Amino acid sequence: MKNYRELTCCRICEGNFYPEAIRLKDSPLANELYLSKEEALNADLFPLEVVECESCKHIQLKHIVDPERLFSNYVYASGTSKTFRDHFTKLAKKLSDVVPSGLVLEVGSNDGTLLEALTTHGMRAIGVEPSQQLAEISKGKCEAVYTNFLDRQLSDFLVNEYGDFDFVVGNNVFAHIDDLVGAFKIAQTILKQGGYLVFEVAHALKLVEHQLFDTIYHEHMSYHTVISLDIFIRKLGFNLTDVEEIEMHGGSIRVTCQKSASQSEMLPEVKEIFRREVLAGLDSSDWMKKFNTHLEQLSLETKTAIQAEPISTTWFGYGAPAKAVTFINQFDLDQIGLIGIIDDNPGKQGKFLPRSGIKVVSHAEMESDLIPRLKPINLNCVIFPWNLSAEIASKLAGFSKYALKVIWFLPKYKEVGPQK
Ligand SMILES: [Zn+2]
């Protein structure tokens, strides 16, 4: 069953790809969790390859999996942590300072965290969210939420119903959209002249600087740089007014562009980000050679570190986000015999990760059942969401009686313990 298409030219501009590429091993879909181990072990594999357009410099996956399959099993990752709420409160304040009481459309509004913050700041907030479950949660937090993908029909309806918008906001959605040009054109038609499109995306500069290969998976179709966004945005009648680096998801950028007939010079701070991207080789395929070499090194270091552990070691994991699947699959981590991975998301518990067949369990099950039954001599925990390593390490006190060693591999190998 072939649920994907292979690109022969750039999704954005139809330009050619550089011959160099990041070719990872064929991988299962990172968010496709299974109800049985047997099904999980037989999960379909898809090619996973990152390429760059010679012409517009857009960095993208070469194989695009059918969105129907990609997002149908999507397990909602909670956006309700304090970090998220604080982040969105600041954004709401910022937008309300620019246009007080403005009309905002949020694309992919998730559980409504930003919509609620916008409403609190006196803005009129409308959400569009394809997940029924999430749209339900967010209703009542704002003026309205529509359960749908944002297509031409819905955008026409919205403009009819509410008039032209002051802002269109999209956080962590534009890397997941196949028809990026279509999505930006729709944003154009919804906005009033002088209105703003504000969006947050993972920054490819961080991917390269910190070798974050595990953020490469099929849902991430695009890896954004200011270099490529600048070309793309200007062609579509937007003026790139600001880019800020933010901490979210291991390093993102918040891009602000204005619907405008005229174009202005890049701000000095945006030029500086652009300059760092050029230095990292992102304006050509130069970065890829280095990335591939680093990846081989990292793979070797990981294997060496694992082999140095006593054979009697019992391993478990903490955190099963999409990046855990990439990591386990690329580095054959299933071979160390992880007895399970703790994840606090009840939607994932009891399910099995694709291909490795590792079971996702609750913290309580791991601490009170699985590990006591094994009576381990040496106990190691691998933290997969390395961006939350400090927070997770602090949750492991209950395992300390087993001389626990805590390990994470990115941005670089680190181990803590054994803890007494
Ligand atoms: Zn292109």
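The values are calculated or read from the model by the stated rules, or taken from the named source; none is laboratory data. Treat the numbers as computed from the prediction; the structure is a model and nothing was measured. Cβ atoms come from the backbone with ideal geometry, glycine included; neighbour counts cover every protein chain shown. We work out accessible area using only protein heavy atoms, side chains counted, and drop any ligands, DNA or RNA first. Shrake-Rupley method; radii C 1.70, N 1.55, O 1.52, S 1.80 Å.
Ranking 264, 228 by solvent-accessible area of protein heavy atoms (1.4 Å probe, all protein chains present), from largest to smallest, gives 264, 228. Rounded to the nearest 20 debye, the dipole size of region 336-388 about its Cα centre is 240 debye, using +1 on the Cβ of Lys and Arg and -1 on the Cβ of Asp and Glu.
Distance from the Cα centroid of region 103-143 to that of region 165-223 is 18 Å (rounded to whole angstrom). Estimated at the nearest 10 Å², the accessible area of residue 189 is 60 Å² with a 1.4 Å probe. Computed with a 1.4 Å probe over protein heavy atoms only, the accessible area of residue 156 comes to about 90 Å².
Once C-alpha pairs closer than 8 Å and six or more residues apart are averaged by separation and normalised to the residue number of the chain, the relative contact order reads 15 percent. Relative to the Cα centre, what is the charge dipole magnitude of region 82-261, using +1 at the beta carbon of each Lys and Arg, -1 at the beta carbon of each Asp and Glu, and rounding to the nearest 20 debye? My answer is approximately 380 debye.
Note down, for the chain, the three equivalent ellipsoid semi-axes (square root of 5 times each alpha carbon gyration tensor eigenvalue), biggest first, whole angstrom. List each step's numbers first, then the result.
Details: eigenvalues 283, 127, 80 Å².
So the equivalent ellipsoid measures 38, 25, 20 Å along its semi-axes.
In region 82-261, taking the dipole from charged Cβ atoms about the Cα centre, the farthest positive-side position among 215, 239, 154 is held by 239. Between the Cα long axis of helix 226-235 and the first principal axis of the chain there is an angle of about 30°, rounded to the nearest 10.
With the highest mean first, a sort of the peptides 89-95, 28-34 on other beta-carbon atoms found within 10 angstrom per residue produces 28-34, 89-95. Put simply, the C-alpha atoms of region 1-116 give a gyration tensor, and the ellipsoid matching it has half-axes of 34, 24, 12 Å, longest first. Since only 56, 266, 137 are under comparison, the one whose Cα sits farthest along the positive direction of the charge dipole of the chain, derived from C-beta charges on Lys, Arg, Asp and Glu, is 137. For region 219-331, take the alpha-carbon Rg, divide it by the Kirkwood Rh, and send me Rg/Rh. For region 219-331, the value is 1.12.
All C-alpha pair distances within region 82-261, sorted into 5 Å bins from zero, spread as 1, 8, 17, 22, 22, 17, 9, 3, 0, 0 percent across the bins.
Within region 1-61, report the trypsin sites (Lys or Arg not before Pro) that DSSP leaves as loop and that have at most 11 other Cβ atoms within 10 Å. In loop regions of region 1-61 (DSSP not H, G, I, E or B), the sparsely surrounded trypsin sites (Lys or Arg not before Pro) are 2.
Using the Kirkwood radius over Cα pairs, work out the Stokes-Einstein diffusion coefficient for region 309-419 at 37 °C and 0.692 mPa s, in µm²/s as a whole number. Intermediate values should be presented prior to the final figure.
Numbers: Rh = 13.9 Å.
Here the translational diffusion coefficient equals 237 µm²/s.
In a DSSP loop and with at most 10 other Cβ atoms within 10 Å, the GluC sites (Glu not before Pro) in region 254-363 are 265.
Between 0 and 90 degrees, the angle of helix 82-98 with respect to the longest Cα principal axis of the chain falls at about 10 degrees. Computed extension gain for residue 275 through residue 246, at 0.36 nm per residue and net of the alpha carbon distance, reaches 8.7 nm.
Give me the extension gain from residue 378 to residue 311: residue separation times 0.36 nm, minus the current Cα-Cα distance, reported in nm with one decimal. Before the final figure, lay out each step's value.
Details: separation 67, 0.36 × 67 = 24.12 nm, distance 0.92 nm.
Working it through step by step, the gained length comes to 23.2 nm.
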